[in-house]
Structures are given as C-alpha cells and as structure tokens.
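Read-outs throughout are calculated quantities, based only on the coordinates presented, and are distinct from any laboratory measurement. Just so it is clear, the model here is predicted, and its values are computed rather than measured. A quick note on method: Cβ atoms are made from the backbone with ideal geometry, for glycine too, and the neighbour counts reach across all protein chains shown.
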Amino acid sequence: MLPRPALLGEERFLALYARLDAIRSTLHPEANVPRLQKPPRIDGSIEEWGAPVFDLAGFPNIFLAGRKYGVWKGREDLSGRFFLGWDRKGLYIAAIVADDAHRNNSYGESIWNGDSLLIGIDPLGDGGAVLKSDDAAFALALAEGEERSWTQQMGGEKNSARFAGDFAVKRKGAETIYEVFVPWERLGVEPAAGKRLGFTFIADDDDGFGMDTGLGWTDGLWRGPSSSRFGTIVLGQ
C-alpha cells in the first residue's frame, strides 16, 4: 500500500510518489487472453466468466490525481478483478470494481470525471506518444442510474455517445460490474491465436471531489492518452 501524506509529510510523499510514478511509466506488462468456446451474455452478470486475468489493488496499479493525494484507503475503497476473452467475432471485457461509494452525475465526454471504466486498444500494437487514428478509446459508466458510454475514437467514430458494440454496467452492493463486447471489424483486426494488441484500462474513482483516484493496468489513459504506455495482450489458443 502506498503510504499516506500524514505518515510522511506532504513534501516527502509527493517526492516518493513522483519516483514511483517514473518507475511505473517504464513498465510494459503483457497478458494472455483466453479464447472463449461460448461468448458471455453482456448483461452485467459475471457468472459465465472464469478466472480473472487481473486482480488489482495497490501500487503500481493505483493512480492519484494531482489535486487530491492519499485518498486510496484500501481494497474496499478501490480494487478490481478484470476479465478478458476473445472469439472470431470480437474482444470481450468485464470488470468487478470494488468501491465503497459510487458517484457519477456526468454526461457525454465528461463521464470519466466520476466512477467509470476507461478502455484503450491499439489494434496494430505500434504505440504512439498520442492516440493514432487506428486506436480506440472509450468510457463506460453508470451515471444517475443510467448506463452511459462515450467513444473518444473507434473505427472512424469520434466523440460520440454511441457505442460500436454492446455493454452493460450494473451496481451490486459495494461493487460495480462492467461488461463490454468490441467487434473486431470496428477495430480493423483479423483475429488469430498469437495476435498481439496494445491494451489498457483504468477504473476512475470519485470520492466526492470528482475523479481523484484510478485503478489501472498501465498509465496509458491517465496522464493524457498515449498508446506507447499501453500494455500488450496476446490472443490465446
């Protein structure tokens, strides 16, 4: 767990966080995506999924916004299990995000500024200091009790509340469940075992001051989108 400012003093805490952040930016993780025999229903239920590909909590997967420090209080505050799968039709993504208080009152391109899930995909896996025209980036949220999406870009679609695939966002107890299906045709991908793609995600958390904490695989969508800071996923057999 990252120590809080009260334990170190804010100046020492900020210096430590900056050093850890610099180390994190050099990480380029890789994960295998299992091939699915039967696609899951996109309905906000996780029963059809197997083991998570990621189980994240704490550093290096916690990100703190510059205007609010030390807000991560443990797994109950923000942690998550993330699932991936693929078949000939597309990429399937699911997440169970533990969050003791769900907040999002935003619309359109601002839905990231509250509890939400952001996903980035680099179909060519060629990276970039910024998102390239072939890259995809989108956000999903349960805002004011309504499932909402915002596509920054995907397959020619830009800055749109429409989503190219299917998605569901449900709140159950102290967890928010996300499920999404992204068609390969919208990514321009010919799927095959061994195919490598750039990929990342981040669950934003609002503890009452707007988005102040994030939980993600990499920081590719945190300090301004950059597909060079995505991880790599490999389509499995």
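Across region 134-147, rounded Karplus estimates of 3J(HN,Hα) from the backbone phi angles (6.51 cos²θ - 1.76 cosθ + 1.60, θ = phi - 60°) give 8, 6, 10, 8, 8, 10, 10, 7, 9, 10, 6, x, 10, 6 Hz, Gly and Pro being marked x.
Straight-line cross-link partners of LYS170 among the aspartates and glutamates, defined as a Cα under 15 Å from its Cα and at least 8 positions apart when in the same chain: ASP43, GLU47, ASP99, ASP100, ASP115, GLU144, GLU146, GLU147, GLU179. Please list log₁₀ I(q)/I(0) at q = 0.24, 0.26 Å⁻¹ for region 174-237, using the Debye equation with identical point scatterers on the alpha-carbon positions. Each listed q corresponds, in turn, to -1.15, -1.20. Let a ≥ b ≥ c be the square roots of the eigenvalues of the Cα gyration tensor of region 83-157; is it rounded (a/c under 1.5), or, if not, prolate (a/b larger than b/c) or oblate? Because a/c hits 1.5 or more and a/b exceeds b/c, region 83-157 counts as prolate. Counting charges near LEU124 (Lys, Arg +1; Asp, Glu -1) among other residues having Cβ under 14 Å from its Cβ returns a value of -2. Between ASN105 and GLU48, the modelled label-to-label distance comes to 3.6 nm, taking each label 7 Å out from Cα in the direction of the beta carbon.
With an 8 Å cut-off on Cα pairs and a minimum separation of 6 or more residues, tell me the relative contact order of the chain in percent. Over the chain, the number comes to 26 percent. The packing ranking, built from the mean of other Cβ atoms within 10 Å per residue, places the peptides 126-134, 192-200 in the order 192-200, 126-134, highest first. Remark: the Cα gyration tensor places region 41-168 in the rounded category, a/c being less than 1.5. Across region 48-65, coupling constants 3J(HN,Hα) worked out from phi with the 6.51/-1.76/1.60 Karplus curve, θ = phi - 60°, read 7, 8, x, 6, x, 7, 10, 10, 10, 6, x, 6, x, 9, 9, 10, 10, 6 Hz, and Gly and Pro carry x.
As an equivalent ellipsoid, the chain spans semi-axes of 27, 20, 17 angstrom, where each value is the square root of five times an eigenvalue of the C-alpha gyration tensor, largest first. With both labels modelled 7 Å from their Cα along Cα-to-Cβ, the GLN237 to LYS89 distance reads 2.6 nm.
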